[in-house]
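Structure first, commentary second.
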Amino acid sequence: MTEAMAPDKASRQIRQHCRKYGPDFTKAVRACGITFGLLIVFSTLIVLFPCWPVAILMGCAIVRAFILFHDAAHGSLTSSRNFNKFAAALVQPWIARSAACWSAYHNNHHKVLGSDPPPVNFPQQFLPGGQCFDDSRTVLFSEQEFNRWPLFKKVWVRIFREPFLFFCVIVPAQWLYRPSEWPQQVQHICVHAMFYVAGGYNAWLCFVESLWVALIIAGLLFHLQHQVNPGYWKNSSGDFDHDDACVEGSSYLLVPWCFKWVTLGIEYHHIHHLSVRVPCYDLQSCHEACDPVWLQGVVSVPAGKALRSCFHAMWDEDKQRFTSFDVYRLLGLEDESDPPIAPEAGRQESSSSFNGVGLHPP
């Protein structure tokens, strides 16, 4: 086995490799066509057959649309600024977000990824006017911080960060509370009204359920993209290194082929953080063309590791790892295993025709 390359050198090699990939208008149009086609098909099914299976499918399609929106906001979907704005504008009513506002928050996430956040100040930092260091972060404090807090604050934070409550209620609720995004929220209300007029109460309720599913999936994706072991959490004024954070602090989710149409390539998150110019439909190709040596520092996340990592709620400053609350730790729901080396680049991970673009073979 070749000795692992130093993460900083590997990051430079991967970043240079990423320059070979960039926006492709034909692939972008195909990705958009599939995405909006799925939204239309599942919207029709919601009106005609409102039920949980349809709500789940629609939720998955909304997640896919959000990933498309995410690339358009980065300016990497196509090289055409107008097309990126157009694609983002088509998605905005479904997700109640504007590309401009999302970019402002999300670009900060890319900038501060892996750096130690300021002390948690519940609940002020989540109220209007509060300063949230990185609103994509789902682990907000260390275990040592938690142990130093007074009992009343421990109880409050423990309830707030209870994994089931956090991902199923708090994450969906906070997404909808954005007063500055009122124009997009008005558009979003119009989408709700459309379903109610077209299919009545049951269709509207099915659409609400699909939004809930989408927000849970999105919250878990954000969590698993960065809060898996061994993680990266350094003091920004100390030994923090942005390139190391991109490689060691961003994961490679081993998404089954049957779900790749949903994630649209965002599971190759280490590539995305090293170069936001690589569009979602080329992230898989870019990863597979990497020299395997470059990927040895990347944290690959199979299903079992992903399940355990969902319960990570704190950072252990001593062990330099993410950790779970005691009750879940006792149940084995904390990932302590060393990460498997990322699969060899250049190898097809699936014979399926579902890839980063959608239902289309490479």
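The values are calculated or read from the model by the stated rules, or taken from the named source; none is laboratory data. On a predicted model such as this, the values are computed, not experimentally measured, just so you know. Here Cβ is always computed from backbone atoms with ideal geometry, including for glycine, and neighbour counts include all displayed protein chains. For accessibility, only protein heavy atoms count, side chains too; no ligands or nucleic acids. Shrake-Rupley method; radii C 1.70, N 1.55, O 1.52, S 1.80 Å.
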- Item | Greater than 25 Å apart at Cα, pairs in Lys9/Lys260; Lys20/Lys111; Lys9/Lys234; Lys260/Lys305; Lys20/Lys305; Lys85/Lys234 | Lys9/Lys260; Lys20/Lys305; Lys85/Lys234
- Query: What helices does the chain hold that run 18 Å or longer along their axis, going by alpha-carbon atoms, with a Kyte-Doolittle average of 1.0 or more, using DSSP H for the helix calls?
  - Reply: 25-48, 52-74
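What does the convex hull of the Cα atoms of region 199-299 come to per residue, in Å³, rounded to a whole number?
138
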- Compute, for Thr35, the solvent-accessible surface of its heavy atoms (probe 1.4 Å) with the complete set of protein chains present, and express it in square angstrom to the nearest 10. 0
- Measure off 7 Å from each Cα along the Cα-to-Cβ vector at Glu336 and Thr26, then give the distance between these two points in nanometres to one decimal. 5.3
- Paramagnetic reach from Asp291 in region 11-30 [backbone N under 20 Å; point 7 Å along Cα→Cβ]: 11-21
- Item | Dipole moment magnitude, nearest 20 debye, the chain about Cα centre, only Lys, Arg, Asp, Glu C-beta charged | 980
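Two-decimal Rg/Rh of region 246-289 from alpha-carbon positions, Kirkwood Rh?
Values: Rg = 9.8 Å, Rh = 10.4 Å.
Across region 246-289, the Cα-based Rg/Rh ratio is 0.94.
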- Taking every Cα atom in the chain, find the radius of gyration and the maximum pairwise distance Dmax, and write them in Å. 20.2, 62
- With no solvent term and unit scatterers on the alpha-carbon positions of region 31-106, Debye gives log₁₀ I(q)/I(0) at q = 0.15, 0.16, 0.19, 0.27 Å⁻¹ of -0.51, -0.57, -0.75, -1.20
- Message: Which residues does the label zone of Asp241 cover in region 288-326, counting backbone N under 15 Å from a point 7 Å along Cα→Cβ?
- Response: 294-298
- Message: Give me the net charge for the shell around Gly75: Cβ to Cβ below 13 angstrom, other residues only, Lys and Arg +1, Asp and Glu -1.
- Response: +2
- For Lys153 the rounded accessible area (nearest 10 Å², probe 1.4 Å, non-protein molecules ignored) is 40
- Task: Report Rg/Rh for region 263-318, rounded to two decimals, where Rg is the Cα radius of gyration and Rh the Kirkwood radius.
- Result: 1.04
- Which value results when the Cα radius of gyration for region 147-204 is divided by 2.2 N^0.38 Å? 1.71
- Query: Quick one: how many Å² of Leu48 are accessible to a 1.4 Å probe, rounded to 10?
  - Reply: 110
- For Thr323, the residues 5 or more places away or on another chain with a placed amide H closer than 5 Å to its own amide H are Ala313, Met314, Trp315, Asp316
- In square angstrom, what is the accessible area per residue of the chain with a 1.4 angstrom probe? 45
